[in-house]
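**Q** Dropping the structure in here first, questions after.
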């Protein structure tokens, strides 16, 4: 947005938003429940933090 506020909007066939609660990011509380978070963070192109949720923008598979 023009005032430097970032918001999560819709998805397209190339990218999607994945939301992660504060129980898994930035400090995972449970290794089993939060499995794969490190890979998600590395794969993400953008991160938006909103209250107790962090949204990660990741590429979708083009094999659809």
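What follows is calculated from the coordinates using simple rules that are stated; it is not laboratory data. Keep in mind the model is a prediction, meaning the values are calculated, not measured. No Cβ is skipped: glycine too gets one built from the backbone with ideal geometry, and neighbour counts run over all protein chains shown.
**Q** Starting from residues that are under 13 Å from the mean Cα position of the chain (by Cα) and assigned to a loop (DSSP other than H, G, I, E, B), keep the ones in the range 11-33 and report whichever is farthest from residue 54 (Cα to Cα).
**A** 11
**Q** Quick one: in the range 49-59, of everything that is under 18 Å from residue 28 (Cα atoms) and part of a strand (DSSP E or B), which residue is nearest to the chain's Cα centre (by Cα)?
**A** Result: 56.
**Q** Anything in the range 34-48 that is in contact (Cβ under 8 Å) with a residue 40 or more places away in the chain and assigned to a loop (DSSP other than H, G, I, E, B)? List them, or say none.
**A** The answer is none; no residue qualifies.
**Q** Output the number of the condition that residue 50 fails; it satisfies all remaining conditions of (1) touching a strand residue (DSSP E or B) at 6+ places or on another chain (Cβ under 7 Å); (2) surrounded by 10 or more Cβ atoms within 10 Å (Cβ to Cβ).
**A** Every condition holds for residue 50 apart from (1).
**Q** Here's a follow-up. Go through the range 12-47 residue by residue and tally those that are touching a strand residue (DSSP E or B) at 6+ places or on another chain (Cβ under 9 Å) and exposed (fewer than 11 other Cβ atoms within 10 Å of the Cβ).
**A** Final tally of qualifying residues: 3.
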